[in-house]
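J.: Starting off with a structure, shown below.
The values are calculated or read from the model by the stated rules, or taken from the named source; none is laboratory data. Keep in mind it's a predicted model, so treat the numbers as computed, not measured. Cβ atoms come from the backbone with ideal geometry, glycine included; neighbour counts cover every protein chain shown. The accessibility values were calculated without ligands, DNA or RNA, using every heavy atom of the protein model including side chains. Shrake-Rupley method; radii C 1.70, N 1.55, O 1.52, S 1.80 Å.
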Amino acid sequence: MSKLFKKILLLVGSGFILMFLILVSVLWAFSNNLPDYKYLKSYKAPVSSKIYSGDGELIQDFSSEKRIFIPYNSIPKKVVNSFLSAEDKNFFNHPGIDAKGVMRAVVKNISNIIKSKRLEGASTITQQVAKNFLLSNEVSINRKIKEAILAFRIERSLNKERILELYLNQIYLGEGAYGIAAASLEYFDKSIDELNYEEAALLAALPKAPSRYNPYKNKKIAKFRRDLVLKNLKNNKYISEDQFNYLKNKKILLKKRKKIFLEDSRYYVEEVRKDIIKKLSYEKVYKEGLNIKTPLNLEYQEIASKVLREGIESYDKRKGWRGPITNLKQSSNWIKEAKKYSLEKSFEWTLSKVIEINNSRIIIETTEKQKGEIDISNLKWTKVNDYNELLNVGDLIYTKKNKNNYFDLKQLPLANGSIVVMDPFTGRVLALSGGFSFKKSEFNRATQALRQPGSAFKPFVYALALENGYSPSTLILDAPLVLEQGSDLKMWKPENYGKKFYGPSTLRMGLEKSRNLMTVRISQDLGLNKILNLSKELGIYDNPKELLSISLGSEETTLLKLTSGYCSFVNGGKIVNPKLIDRIQDSEGNTILKTEDRECFNCKNISFLSEDIPVIKDNFKQIFSPQTAYQITSILEGATKRGTAKKLNSLKLDIGGKTGTTNKNTDTWFIGFTSNLVVGVYVGYDEPKSLGKFETGAKTAMPIFKSFIQDAIKKENTRPFKVPQDLTLMVVDSETGKKVNFSSKKTIIESFKSKNIKDNFDLSKKNNNRFNNYNVLRFY
């Protein structure tokens, strides 16, 4: 008997030793192929970068995952207790694996196998951290063994608070939200310290199956799971019986996070995003939680987007009705098909289907299943005489409800455009819209569309003339001109708009009336190189062709570059670069990029109790003298009173500006300004073609500028343009530029550089008479 006992004992002992060796071998084998867990000590979760407007409003975030990192010390006990009750009640007591939980799961799973029910897991929070950070979601014994080994190691390396911090900031909770802070905003629009127990319990209910228990999809199932978490909270003595009975009867109340003004600023935001990625890299922007401050003015942006759309739509209506989007008469689910044509909500346009046409009545149904009628009185723009032939039953159209509870017919314009609003003294871009609808086209016509500026370039030629001895009263010949452009090019015969000639005219008149022939003569006298160099220094052109036609805006540029060039007229002749970013800080508040070019020279010595005023100076390059800058500003102010922009005179404000129209009315521009804002507008087709015979900058682009000024600028906030030193103001005849006498009928106040005041009125001086100074001059 003793021999048999010894044999059994030996056999059992050998079995245990063999199992131990197998276990050690398995652990050793798996341990050699485990990922490095030590980086979790210093791990920083990928955090979204946030972009803010000029007044600090959050307008967009850039992230591959919605996440806001919250340190453990800032996580409320309600949230911690809820997740522990839902996921791992023994978390603070086990060494990484919960032996009781494992045994409980084994027993339960034997029963589940017999009853063909779903198997339960027993992963601790530490194991989930190991899986989420270091392993894949593969369902296998191999992964579970690696997960267990890593859990033990993580527990030895990190304290419990750090493990829980990693878990609560990494876990996926549905709706694209990672971590408790992002989920709190996504489901309740609250910060986590504002959550109550039933809300914290709902978040804790989600990790098990975020899609299945998503309260936006199925509140009934979500409430069932939430109540289970509340029951666990009661069982773990975090809440009382009375609290549990009260909380389980509460309905789930959700509130979607509101994003401020995202739609109308999409072109601006996208431009910022591309610029930062280029400067800092995609990884930094999408994972390192940058805080990006922009100059964006939300009020200006809303107005700019609105007036641009209205202006393009106004032009499009002059072309008449082109027809419906499509016909969905045969569609079994027309609402679903129609949604692919939807626009931004800020349009307030609805997609509608024509359901009945009867005796000039057009009955429609919107995608929100609201029935209504098209306002026949607002259909003259369609240029269709018989409204019964305008549409057919089943046609899909855009509509907008008007004040009379009828619906106005709308159509998506074929032409497009852009608008830019800048601070001329700093270059900060306060508003920018690159098109009619970002949803329909992400192509940014303010920064990407290279187009000829036409006459909008002329002020730079005239400014160069004023820098080189001309005055606003200098006479230039307006007469036919033919020029040689080179041996392999045709003779160039520039013409004025309307093909008229006006004889000797003042420089002011040439710019106010946008005379082509006078501009070319000035350019010929100045020399092409001066114009080319100026355009490159101002950043309007990068590598322009050496042709005299550049003086009439024949080279291509963008609206943002041209508008930036005009800032030099308003700010006293200094070059400013457009800025869409003020400052970028990392997640810890350190500044990594700053675009401020100005310095305060005495700020360190000024107390907040002092009456001293800070002296702020910039280091912008002086491209024109302040006197020249003012003279151009004054002439362009005259253009809004007597010249090509005279329709702006009704605003009764101190403004200036210049129209621009290219050959065959292909591209139209207006760049205008007040004493503290510069606004640029462009209208044209993406595939260049004529806008129409009479569609000039004054008719298409300028009304958009006018609408912006009317809506954005209050009269009490405007002031006259600042007159620099060393300028003399004199009353002169507006047509001849001479001193006024009793026979003068039209007079203006003209500005002359004080050092040249004698020369300006001495007819014997060369600079006052420029129309006999050309060798290549032919009349036809």
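J.: Scan segment 621-641 for residues that are assigned to a loop (DSSP other than H, G, I, E, B) and open to solvent by less than 70 Å² (accessible area, probe 1.4 Å) and jot them down.
T.: Hits for segment 621-641 are 623, 624, 625, 640.
A quick yes/no check of all residues on (1) under 36 Å from the mean Cα position of the chain (by Cα); (2) assigned to a strand (DSSP E or B); (3) modelled with pLDDT under 90:
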| residue | (1), (2), (3) |
| --- | --- |
| 24 | no, no, yes |
| 30 | no, no, yes |
| 33 | no, no, yes |
| 45 | yes, no, yes |
| 51 | yes, yes, no |
| 55 | yes, no, no |
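J.: Given the conditions (1) buried (at least 21 other Cβ atoms within 10 Å of the Cβ); (2) more than 27 Å from residue 69 (Cβ to Cβ); (3) touching a Ser or Thr at 6+ places or on another chain (Cβ under 8 Å), report the number of the one that residue 239 does not fulfil.
T.: (3)
J.: Let me ask another. Based on what the data block shows, is residue 458 at pLDDT below 95 and either of a type in the set (D, E, K, R) or open to solvent by 60 Å² or more (accessible area, probe 1.4 Å) (or both)?
T.: Answer is no for this residue.
J.: Still on this structure, I have one more. Of the residues that make up segment 274-287, is at least one among the hydroxyl-bearing types (Ser, Thr, Tyr), in contact (Cβ under 8 Å) with a residue 60 or more places away in the chain, in contact with a strand residue (DSSP E or B) (Cβ under 8 Å, 6 or more places away or on another chain) and outside any helix (DSSP H, G or I)?
T.: First pass over segment 274-287, keeping only residues among the hydroxyl-bearing types (Ser, Thr, Tyr): 281-282, 286.
Next cut, in contact (Cβ under 8 Å) with a residue 60 or more places away in the chain only: 286.
Retained after the next criterion (residues that are in contact with a strand residue (DSSP E or B) (Cβ under 8 Å, 6 or more places away or on another chain)): 286.
Subsequent filtering for residues that are outside any helix (DSSP H, G or I) retains none.
No, segment 274-287 has no match at all.
J.: Next question. When you look at residue 252, is it buried (at least 22 other Cβ atoms within 10 Å of the Cβ), assigned to a loop (DSSP other than H, G, I, E, B) and more than 18 Å from the chain's Cα centre (by Cα), yes or no?
T.: Numbers: buried (at least 22 other Cβ atoms within 10 Å of the Cβ): no; assigned to a loop (DSSP other than H, G, I, E, B): yes; more than 18 Å from the chain's Cα centre (by Cα): yes.
So residue 252 does not fit the description; no.
J.: Please give the number of the condition residue 360 fails out of (1) among the small types (Gly, Ala, Ser); (2) closer than 27 Å to residue 311 by Cα; (3) exposed (fewer than 13 other Cβ atoms within 10 Å of the Cβ).
T.: (2)
J.: Now for a separate question. Quick one: what pairs do we get from segment 208-220, first residue surrounded by 13 or more Cβ atoms within 10 Å (Cβ to Cβ), second basic (Lys, Arg), C-beta under 7 Å, 6+ apart or different chains?
T.: 213/225
J.: Would you check if there is a residue in segment 383-398 being closer than 30 Å to residue 299 by Cα and surrounded by 15 or more Cβ atoms within 10 Å (Cβ to Cβ)? Even if it seems obvious, please write down each step before you answer.
T.: Let us first name the residues in segment 383-398 that are closer than 30 Å to residue 299 by Cα, namely 398.
Restricting the remaining residues to those that are surrounded by 15 or more Cβ atoms within 10 Å (Cβ to Cβ) gives 398.
Yes, there is a match, as at least one residue in segment 383-398 is closer than 30 Å to residue 299 by Cα and surrounded by 15 or more Cβ atoms within 10 Å (Cβ to Cβ).
J.: Please verify whether residue 288 is surrounded by fewer than 19 Cβ atoms within 10 Å (Cβ to Cβ), of a type in the set (D, E, K, R) and under 19 Å from the mean Cα position of the chain (by Cα), treating the condition exactly as stated.
T.: Against the criterion (surrounded by fewer than 19 Cβ atoms within 10 Å (Cβ to Cβ), of a type in the set (D, E, K, R) and under 19 Å from the mean Cα position of the chain (by Cα)), residue 288 does not qualify.
J.: Let me ask something additional. So which residues in segment 372-424 are among the charged types (D, E, K, R), closer than 20 Å to residue 311 by Cα and free of Cβ contacts under 8 Å to residues at least 60 places away in the same chain?
T.: If the condition is that a residue be among the charged types (D, E, K, R), closer than 20 Å to residue 311 by Cα and free of Cβ contacts under 8 Å to residues at least 60 places away in the same chain, then 380, 400, 401, 408 are the ones that fit.
J.: Could you list all residues from segment 642-696 that are assigned to a loop (DSSP other than H, G, I, E, B), open to solvent by 10 Å² or more (accessible area, probe 1.4 Å) and closer than 23 Å to residue 732 by Cα?
T.: Within segment 642-696, 642, 644, 652, 653, 654 qualify.
J.: Another question about this same structure. Filter segment 517-547 down to residues that are assigned to a helix (DSSP H, G or I), of a type outside the set (Asp, Glu) and more than 37 Å from the chain's Cα centre (by Cα), then give me how many there are.
T.: The number of residues fulfilling the criteria is 11.
J.: Please work out which residue is surrounded by the most Cβ atoms within 10 Å (Cβ to Cβ), limiting yourself to segment 512-561 and to residues that are farther than 26 Å from residue 748 by Cβ, modelled with pLDDT of 95 or more and of a type in the set (D, E, K, R).
T.: Selected residue: 561.
J.: Could you identify the single residue in 618, 582, 597 that is open to solvent by less than 70 Å² (accessible area, probe 1.4 Å), more than 19 Å from residue 680 (Cβ to Cβ) and modelled with pLDDT of 90 or more? It would help to see each step written out before you state the result.
T.: Working: 618 fails: modelled with pLDDT of 90 or more; 597 fails: modelled with pLDDT of 90 or more.
Just a single option satisfies the conditions, and that option is 582.
J.: Please go through (1) over 23 Å from residue 125 (Cα atoms); (2) surrounded by 15 or more Cβ atoms within 10 Å (Cβ to Cβ); (3) among the polar types (S, T, N, Q); (4) without any contact (Cβ under 8 Å) to a residue 60 or more places away in the chain for residue 184 and return the number of the only condition it doesn't satisfy.
T.: Checking residue 184 against (1) over 23 Å from residue 125 (Cα atoms); (2) surrounded by 15 or more Cβ atoms within 10 Å (Cβ to Cβ); (3) among the polar types (S, T, N, Q); (4) without any contact (Cβ under 8 Å) to a residue 60 or more places away in the chain, the one that fails is (1).
J.: Which one of the conditions (1) more than 21 Å from residue 729 (Cβ to Cβ); (2) touching a Phe, Trp or Tyr at 6+ places or on another chain (Cβ under 7 Å) does residue 604 fail to meet, given that it meets all the rest?
T.: Result: residue 604 fails condition (2) only.
J.: Please go through segment 697-714 and give me each residue that is surrounded by fewer than 24 Cβ atoms within 10 Å (Cβ to Cβ), assigned to a loop (DSSP other than H, G, I, E, B) and touching a residue at least 24 places away in the same chain (Cβ under 8 Å), ordered by number.
T.: Correct list: 713 only.
J.: Among (1) under 20 Å from residue 295 (Cα atoms); (2) touching a residue at least 60 places away in the same chain (Cβ under 8 Å), where does residue 547 come up short?
T.: Only one criterion in (1) under 20 Å from residue 295 (Cα atoms); (2) touching a residue at least 60 places away in the same chain (Cβ under 8 Å) is unmet by residue 547, namely (1).
J.: Do we have residue 363 as touching a Gly at 6+ places or on another chain (Cβ under 8 Å), outside any loop (DSSP other than H, G, I, E, B) and at pLDDT 90 or above here? Don't jump to the end; show me each part of the working.
T.: Numbers: touching a Gly at 6+ places or on another chain (Cβ under 8 Å): yes; outside any loop (DSSP other than H, G, I, E, B): yes; at pLDDT 90 or above: yes.
Yes, satisfied.
J.: Moving on to the next point. Out of segment 715-754, which residues are assigned to a strand (DSSP E or B), open to solvent by 60 Å² or more (accessible area, probe 1.4 Å) and hydrophobic (A, V, I, L, M, F, W, C)?
T.: 729, 731, 749
J.: Something else about it: Got a number for residues in segment 556-594 being under 18 Å from the mean Cα position of the chain (by Cα) and assigned to a loop (DSSP other than H, G, I, E, B)?
T.: 5
J.: Hey, another quick one. For residue 117, state whether it is at pLDDT below 85, more than 54 Å from the chain's Cα centre (by Cα) and surrounded by 10 or more Cβ atoms within 10 Å (Cβ to Cβ).
T.: No.
J.: Quick one: residue 268 ticks every box in (1) open to solvent by 20 Å² or more (accessible area, probe 1.4 Å); (2) touching a strand residue (DSSP E or B) at 6+ places or on another chain (Cβ under 7 Å) bar one, so which box is it?
T.: Looking at each condition in turn, residue 268 falls short on (1).
J.: Okay, moving on. Answer yes or no as to whether residue 152 is out of contact with any Asp or Glu (no Cβ under 9 Å at 6 or more places or on another chain), touching a residue at least 24 places away in the same chain (Cβ under 8 Å), open to solvent by 10 Å² or more (accessible area, probe 1.4 Å) and aromatic (Phe, Trp, Tyr).
T.: Values: out of contact with any Asp or Glu (no Cβ under 9 Å at 6 or more places or on another chain): yes; touching a residue at least 24 places away in the same chain (Cβ under 8 Å): yes; open to solvent by 10 Å² or more (accessible area, probe 1.4 Å): yes; aromatic (Phe, Trp, Tyr): yes.
The answer is yes for residue 152.
J.: For segment 399-429, give me the residue count where each residue is open to solvent by less than 10 Å² (accessible area, probe 1.4 Å) and outside any loop (DSSP other than H, G, I, E, B).
T.: Of the residues in segment 399-429, 10 are open to solvent by less than 10 Å² (accessible area, probe 1.4 Å) and outside any loop (DSSP other than H, G, I, E, B).
J.: Specify which of the listed residues (306, 340) is free of Cβ contacts under 8 Å to residues at least 12 places away in the same chain and assigned to a helix (DSSP H, G or I). If you could, list the steps in order and put the result at the bottom.
T.: Details: 306 fails: free of Cβ contacts under 8 Å to residues at least 12 places away in the same chain.
That would be 340, the only listed residue that is free of Cβ contacts under 8 Å to residues at least 12 places away in the same chain and assigned to a helix (DSSP H, G or I).
J.: Among the numbered criteria (1) surrounded by fewer than 17 Cβ atoms within 10 Å (Cβ to Cβ); (2) closer than 23 Å to residue 722 by Cβ; (3) polar (S, T, N, Q), which single criterion is violated by residue 564?
T.: Among (1) surrounded by fewer than 17 Cβ atoms within 10 Å (Cβ to Cβ); (2) closer than 23 Å to residue 722 by Cβ; (3) polar (S, T, N, Q), the lone unmet condition for residue 564 is (1).
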